[in-house]
Amino acid sequence: MDYKDTLLLPKSDFPMRGNLPTNEPKRYKKWFDSDVYEQMKAKRDGAKMFTLHDGPPYANGDIHIGHALNKVLKDIILKYNYFQGRAVRMTPGWDCHGLPIEQKVEEKIGKSKKEAMPKEKFRELCREHASRFVDIQRDSFKKLGVIADWDNPYVTMDFKFEANIYRTLCEVAKKGLLVERHKPIFWSWAAQTALADAEVEYEDKEDYSIYVHFELSDSAKEKLDIDSKAGMVIWTTTPWTLPANSGISINPDEMYILTDDGHIVAEARYDAMIEEGVVSGHSSRKISAVELENLLAINPLNGRSSKIVLGEHVMMDGGTGCVHTAPGHGEDDYRVGLKYNLDVIMPVNEKGLYDESVVGLNLLPNPEEFVGTHIFKANEPILELLGDSLLKVSKFTHSYPHCWRTKKPLIYRATNQWFISIDDTPKGSDKSLRDNALEAIESVEFFPKSAKNRLKPMIEGRPDWCISRQRSWGVPIAFFRLKSTKEVVLDEDVLEHIATLFDTHGADAWYSMSIDELLPEGSKYKADELEKINDILDVWFDSGSTWNSVLSSGNYDAGEYPASLYIEGSDQHRGWFQSSLLLSSAINQVSPYKNLITHGFTVDEKGEKMSKSKGNVVAPEKVIKQYGSEILRLWVALSDYQSDLKISDGILKQTAEQYRKIRNTFRFLLANVNDLESYVSVDEYGELDRWILAKASEVFASVNESFSNNDFLRGFATLNHFITNELSGIYMDITKDRLYCEAKDSQTRRATQSAMAHISKSMLALIAPTLTYTADEILDFAPALFKEGLEDVFDLVYTPVPEVEASFDDSVLIEAREKFFEAIDSLKKEKIIKATLELEIAGDVSSLPIKDAKDLEDWFVVSAIKESSEGEELASFEVDGKNFSVHKATAHKCPRCWRFASSAEDEVCPRCQEVVS
């Protein structure tokens, strides 16, 4: 008789292979066509809110693997909170203003055409360019299975958004923190605009190192009672700034030495200067810094006076202890210059060329020859002009600030710019903006903890924020200035009228409308008395104000302010994290985020940065086509995102293998609960079922805790270990006999099915945030009891497995199982046996903590376990000092279950006889 038809073999249509690249797009289309995000909102109506505020990517170019990492990580975190039963919000956004887009459009149409067209027309072209890439990037993010409010994103160039950026600026102005200063800032001569700290990159650059003698004036020598040659020796790496010198800074706490060859250097630097050959004379006299203060030296380049001043910024770790000071070309120079009322000389135009002021102020010999010369090309001629005053010249390579966009070296250049004052006190507060921001940081939970140590020092040491740019594509600093006094008009009626116009017409109204049209009806100001400010806002102001424009404006259903979470790459400590914190602290004295997560960058498998020239770029689109987005999502979850993340084809193949393990575990579980119609009660579980349920409960609680701490790597490592070892490696193996061979409704079989159903359902909610597509597909093929009214994965809420009475201590049993399989390994290799069911184990059965004899046999997948055996001894093993022998089974093989439990050949065993009957 063929007993195959009497077996209850697993049944499921859930496919073994996911065929993800083909199937994912269909399911994703179904989700988005049915407005899944709105469904998610409705299903958690009234629940506790979790708000993830999306940091806007730049709308310029296709997404890269770093974008994919960022958005997938956000999606996993958002969905984790969703599947825990919380209401969630994520309004995706795009940064649309700024120099990169402006440059792309300019490249396309040509510079001359740009300069000939009205500004509003050029802005229209920029808007079209950004809009195209918003659509391209949105489609790419949706292909990653990322769910957000894609139909209502925030786009910083939208009219209402531009209006709210402007309103944020007005709020800062009303708080008294907006100031206009003639001050040195980072200037990109290549892009002809000011830059913020966040737009600066540091690269190696070769520069001059020069030591120059500034002879003391006659009056200074007279005061010091010197009647011979004597001068300050300065060190600088920027010869081109010497024409703008107006001071020499020295350390107030140091003694200075006059050598007998007439050079003055700090005593602490004297030996180094002798060694380097800058000075050669013996020390003839010591002079205190205070004695030198306010004396004049003479600039050898142009004969202008240079005042000696005291500055705390003068260090003794290099140079001469005498610092060339040009307040127009340096932050420290500017600060000390304010204290001593030094001239701020700025002979360099926006293109980095010397302008007519070198002639008007007589800053160089033959100054006409230098007008129109690029400053970096002026170094060598200036060195020649210094003559004998140039004591030493050499070259060295050092880290130097470069423009993030043009990659050209930057300069410090004093210009009229708008700043947010960090050390002023906002109206309504009793602390400075800096102190408010530092206090706000203390309320934030950082992941990793070390991220706080990056952001806090940046706030502690940062200068005022330069928010003005001299470009076309951005939100204008839309203020009027009185022509007569140059006073800025901050009249509330005027400001709100302009904001209202921006709501309707966008910020382009500032350029397309006349002053008369921009003034409210009945205004006390007359159009002919006013002029427009033509600068635009730094794009970091745009993105830094998104908490106001998105979370607080009421224009979006975007969640709560402050947001539950901001999450971006580690470079955003000096970018978005900081600009958002400063603006929120300026206006509301709170952090805009309660939690802040920092992730690393993507690198290749060797840890090297990706570049087209190296050929190691991994494009998200290629990964999706080859493996499917689920594999990319699982790669994110399995990576330590707090450091740099390695990705390559080899790594993705390993990830695909892990995905297959998870998928096929669910397939086995589904296939074996296909006919389960009701769960057994808690007291009906056998020892093995209680063991796996208790183990699952412990593991899932650990996984859930890891996920709640945003540690997906640890969570998945714990889950994968459980799947590979206890669940798949033991339980799914040892329960096959009862699932296939027991009577359909036997308590033993139904208990195991119930345990499997509970485990798979809890586990499904844990993998769903990462493998949402797969979880949804699993539900399509799940039996009715498993679904319990769930239409799709978005109805799922994580529920722990049932609590059961404690089962056996598995430590001895797992060791015994491992020792047994080690002992019989050679029997299989030498083909003495084909399966462990051909064996029985003899030994002290009472020392093994499973009480039920059949359960104990199933644990080892053998046909019998008894005190002694008459069968042929084939192997042995020892556990806890007790010996067990392995024998050939003495009974006959049951043709139905294949256990050696029959009394005669070709007869079924008693259990199978009862089932078949």
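The values are calculated or read from the model by the stated rules, or taken from the named source; none is laboratory data. Since the structure is predicted, the reported quantities are computational estimates derived from the model, not experimental observations. Positions of Cβ are generated from backbone atoms using ideal geometry, with glycine treated the same way; all protein chains shown enter the neighbour counts. Remember, those area values only see protein heavy atoms, side chains included, never the ligands or the DNA or RNA. Shrake-Rupley method; radii C 1.70, N 1.55, O 1.52, S 1.80 Å.
Quick notes
- Only one entry in Ala130, Ala148, Ala191 is open to solvent by less than 40 Å² (accessible area, probe 1.4 Å), part of a helix (DSSP H, G or I) and touching a residue at least 24 places away in the same chain (Cβ under 8 Å), namely Ala130.
- Checking segment 13-33 against the condition returns no match, with no residue being touching a Leu at 6+ places or on another chain (Cβ under 6 Å), of a type outside the set (Val, Ile, Thr), closer than 30 Å to Val916 by Cβ and open to solvent by 10 Å² or more (accessible area, probe 1.4 Å).
- Within segment 467-479, if we keep just the residues that are assigned to a strand (DSSP E or B) and open to solvent by less than 10 Å² (accessible area, probe 1.4 Å), the residue that is nearest to Glu496 (Cα to Cα) turns out to be Pro476.
- Search result, residues across segment 571-597 that are open to solvent by less than 10 Å² (accessible area, probe 1.4 Å) and part of a strand (DSSP E or B): Tyr593, Leu596, Ile597
- Filter result (open to solvent by less than 70 Å² (accessible area, probe 1.4 Å) and either of a type outside the set (A, V, I, L, M) or at pLDDT 95 or above (or both)) within segment 1-12: Tyr3, Thr6, Pro10, Ser12
- Sub-7 Å Cβ pairs linking a first residue in segment 321-338 that is at positive phi to a second residue that is of a type in the set (A, V, I, L, M), at least 6 apart or interchain, are Gly321/Ile250; Gly321/Val265; Gly321/Ala266; Gly321/Ala268; Gly321/Val314, ordered by first then second residue.
- In segment 421-438, residue farthest from Phe577 (Cα to Cα) [restricted to those that are in contact with a Ser or Thr (Cβ under 8 Å, 6 or more places away or on another chain) and surrounded by fewer than 16 Cβ atoms within 10 Å (Cβ to Cβ)]: Lys431
- Whichever residue in segment 255-299 is assigned to a loop (DSSP other than H, G, I, E, B) and open to solvent by less than 40 Å² (accessible area, probe 1.4 Å) and, among such residues, is nearest to Pro243 (Cα to Cα): Asn299
- Listed by position, the helices (runs of 4 or more DSSP H) inside segment 649-768 whose residues that are among the charged types (D, E, K, R), open to solvent by 40 Å² or more (accessible area, probe 1.4 Å) and over 30 Å from Val617 (Cα atoms) number at least 2 are 687-708.
- Any hit, segment 200-213, residues being open to solvent by less than 40 Å² (accessible area, probe 1.4 Å) and not in a strand (DSSP E or B): no
- Pick from segment 387-420, criterion β-branched (Val, Ile, Thr) and over 20 Å from Ile536 (Cβ atoms), ranking: most open to solvent (accessible area, probe 1.4 Å): Thr397
- Which listed residue is part of a helix (DSSP H, G or I) and touching a residue at least 12 places away in the same chain (Cβ under 8 Å), from Lys41, Lys121: Lys41
- Applying the condition of being among the β-branched types (Val, Ile, Thr) and either open to solvent by 10 Å² or more (accessible area, probe 1.4 Å) or more than 16 Å from Asn588 (Cβ to Cβ) (or both) to segment 164-188 and asking which residue is modelled with the highest pLDDT yields Ile165.
- Tally of residues being open to solvent by 60 Å² or more (accessible area, probe 1.4 Å), assigned to a loop (DSSP other than H, G, I, E, B) and at pLDDT 90 or above across segment 865-880: 4
- Of all residues making up segment 63-90, the number that are in a loop (DSSP other than H, G, I, E, B) and modelled with pLDDT of 90 or more: 4
- All of Ala451, Ala414 fail the test of being part of a strand (DSSP E or B) and among the small types (Gly, Ala, Ser), apart from Ala414.
- Residue match in segment 807-827 (condition: over 44 Å from the mean Cα position of the chain (by Cα), on the phi > 0 side of the Ramachandran plot, open to solvent by 30 Å² or more (accessible area, probe 1.4 Å) and not small (Gly, Ala, Ser)): no
- Leading residue by the ranking (most open to solvent (accessible area, probe 1.4 Å)) among those in segment 485-513 that are of a type in the set (Ser, Thr, Tyr) and out of contact with any helix residue (DSSP H, G or I) (no Cβ under 7 Å at 6 or more places or on another chain): Thr485
- Every condition in (1) open to solvent by 30 Å² or more (accessible area, probe 1.4 Å); (2) among the small types (Gly, Ala, Ser); (3) in a helix (DSSP H, G or I) is met by Gly303 except one, and the failing one is (3).
- Check on Gly46, of a type in the set (Gly, Ala, Ser) and open to solvent by 40 Å² or more (accessible area, probe 1.4 Å): yes
- Against the numbered list (1) over 36 Å from the mean Cα position of the chain (by Cα); (2) buried (at least 19 other Cβ atoms within 10 Å of the Cβ); (3) of a type in the set (Lys, Arg), Lys524 comes up short only at (2).
- Options Arg471, Arg454, Arg481: the member that is in contact with a strand residue (DSSP E or B) (Cβ under 9 Å, 6 or more places away or on another chain) and under 30 Å from Ile597 (Cα atoms): Arg454
- Options Glu568, Glu560, Glu460; residue that is outside any helix (DSSP H, G or I), surrounded by fewer than 18 Cβ atoms within 10 Å (Cβ to Cβ) and not aromatic (Phe, Trp, Tyr): Glu560
- Qualifying residues in segment 196-216 (those that are β-branched (Val, Ile, Thr) and touching a helix residue (DSSP H, G or I) at 6+ places or on another chain (Cβ under 7 Å)) - the one farthest from Asn299 (Cα to Cα): Ile210
- Only one entry of Pro239, Pro252 meets the criterion of being open to solvent by less than 50 Å² (accessible area, probe 1.4 Å) and more than 18 Å from Lys286 (Cβ to Cβ), and that entry is Pro239.
- Listed by first and then second residue, the pairs linking a residue in segment 569-598 that is farther than 15 Å from Ala437 by Cα to a residue that is among the charged types (D, E, K, R) and assigned to a helix (DSSP H, G or I), with Cβ atoms under 9 Å apart and 6 or more places separating them unless they lie on different chains, are Ser570/Arg454; Thr598/Arg454.
- Answer residue from segment 306-323, given it is buried (at least 18 other Cβ atoms within 10 Å of the Cβ) and of a type in the set (A, V, I, L, M, F, W, C) and is nearest to Val265 (Cα to Cα) among those: Cys322
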